Amino acid sequence: SQQGEEDPQALSIQEGENATMNCSYKTSINNLQWYRQNSGRGLVHLILIRSNEREKHSGRLRVTLDTSKKSSSLLITASRAADTASYFCATPGGSYIPTFGRGTSLIVHP
Amino acid sequence: DGGITQSPKYLFRKEGQNVTLSCEQNLNHDAMYWYRQDPGQGLRLIYYSQIVNDFQKGDIAEGYSVSREKKESFPLTVTSAQKNPTAFYLCASRAGLAGIYEQYFGPGTRLTVT
């Protein structure tokens with residue numbers, strides 16, 4: 001059962017630009033997590049934001065959470081070619097099982 | 001190194017054969033998961049386990065089976081009953097089932113059935 005949905009499905013930018021992707025979800029959550037997946041690899045955890053937090057930073061990453069709108073955004077500042085990957089948001093589903101959206105495919109052109 | 005290993009990375013099988021994908025973790029995590037990922041798609045949950053000798057079906061369990069005889073191991077068998085088994089399979093673990101924890105993923109196994 002899918003809870004979160006990322007938007008846009010695909011994003012193509014130039015190196016140095018900022019990349020913003022969004023996640024919308026349907027039911028109340030106590031946390032939301034973002035993951036990155038390089039092509040043909042497993043997912044890597046990027047950042048976790050709890051429901052009582054509005055914004056969180058980690059290096060060039062900034063995550064926001066708006067529980068009233070049931071949405072989150074992931075901002076990658078000063079993108080690099082190495083940021084090329086798919087990005088997924090994960091929210092707790094039934095039995096606390098993390099559920100993932102279809103992801104945003106980000107391409108950063110050098 | 002702590003982490004999750006999956007083997008093999010690539011697996012080829014003929015239709016009608018059962019195949020077992022390995023997943024091992026040395027993170028001392030209680031919960032383990034199997035996901036299936038198809039091109040351009042998100043992750044769909046096949047099975048999960050929160051304790052040894054116990055596991056639960058996920059959203060797409062038909063045609064798959066698992067076992068959890070040891071805390072560190074959670075192998076997945078893709079049976080001949082699975083209608084469309086060609087996919088990328090990801091194993092993950094987490095410190096607990098309830099509570100707020102991040103998931104750790106293995107590198108994945110790409111299964112091709114012809």
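The values are calculated or read from the model by the stated rules, or taken from the named source; none is laboratory data. None of these values were measured; they are calculated from a predicted model. With ideal geometry, Cβ positions are generated from the backbone for all residues, glycine too; neighbour counts draw on all protein chains shown. Heads up: the accessible areas ignore ligands, DNA and RNA and are worked out on the full protein's heavy atoms, side chains in. Shrake-Rupley method; radii C 1.70, N 1.55, O 1.52, S 1.80 Å.
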ask   = Quick check: anything in region A:75-86 open to solvent by less than 50 Å² (accessible area, probe 1.4 Å), under 25 Å from B:Asp38 (Cα atoms) and within 14 Å of chain B (Cβ to nearest Cβ)?
value = yes
request  = Return yes when B:Asn28 is exposed (fewer than 12 other Cβ atoms within 10 Å of the Cβ), over 22 Å from B:Val113 (Cα atoms) and out of contact with any His (no Cβ under 9 Å at 6 or more places or on another chain) and no when it is not.
outcome  = yes
key: Within region B:65-114, considering residues that are among the aromatic types (Phe, Trp, Tyr) and touching a Ser or Thr at 6+ places or on another chain (Cβ under 7 Å), the one nearest to the other protein chains (Cβ to nearest Cβ)   = B:Tyr104
ask   = On the given criteria, is A:Ile47 part of a loop (DSSP other than H, G, I, E, B) and either modelled with pLDDT under 95 or surrounded by fewer than 20 Cβ atoms within 10 Å (Cβ to Cβ) (or both)?
value = no
inquiry  = Residues to consider are B:Asp38, B:Asp59, B:Asp54; find the one that is within 12 Å of chain A (Cβ to nearest Cβ), without any contact (Cβ under 8 Å) to a residue 40 or more places away in the chain and acidic (Asp, Glu).
reply    = B:Asp59
request  = Collect the residues in region B:1-25 that are in a strand (DSSP E or B) and either under 16 Å from B:Tyr101 (Cβ atoms) or open to solvent by 50 Å² or more (accessible area, probe 1.4 Å) (or both), keeping them in residue-number order.
outcome  = B:Ile4, B:Thr5, B:Ser7, B:Tyr10, B:Phe12, B:Arg13, B:Thr20, B:Glu24, B:Gln25
key: Restricting region A:1-31 to residues that are at pLDDT below 95 and assigned to a strand (DSSP E or B), the residue that is farthest from B:Thr5 (Cα to Cα)   = A:Asp7
request  = Please indicate, with yes or no, whether at least one residue in region B:84-94 is surrounded by 17 or more Cβ atoms within 10 Å (Cβ to Cβ), part of a loop (DSSP other than H, G, I, E, B) and not acidic (Asp, Glu).
outcome  = yes
ask   = For region A:91-110, what are the residues that are more than 10 Å from chain B (Cβ to nearest Cβ), β-branched (Val, Ile, Thr) and either touching a Lys or Arg at 6+ places or on another chain (Cβ under 8 Å) or surrounded by 17 or more Cβ atoms within 10 Å (Cβ to Cβ) (or both)?
value = A:Thr91, A:Thr104, A:Val108
remark   = A:Arg41 meets each of (1) outside any loop (DSSP other than H, G, I, E, B); (2) facing another protein chain (nearest Cβ under 10 Å) with one exception, condition (1)
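Residues are listed down the side, and each one gets a yes or a no for (1) under 12 Å from B:Gln6 (Cα atoms); (2) surrounded by 15 or more Cβ atoms within 10 Å (Cβ to Cβ):
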| residue | (1), (2) |
| --- | --- |
| B:Leu45 | no, yes |
| B:Ser49 | no, yes |
| B:Asp59 | no, yes |
| B:Tyr64 | no, yes |
| B:Arg68 | no, yes |
| B:Lys71 | no, yes |
| B:Ala81 | no, no |
| B:Pro107 | yes, yes |
| B:Val113 | no, yes |
key: In region A:65-74, the residues that are part of a strand (DSSP E or B) and buried (at least 16 other Cβ atoms within 10 Å of the Cβ)   = A:Leu65, A:Ser71, A:Ser72, A:Ser73, A:Leu74
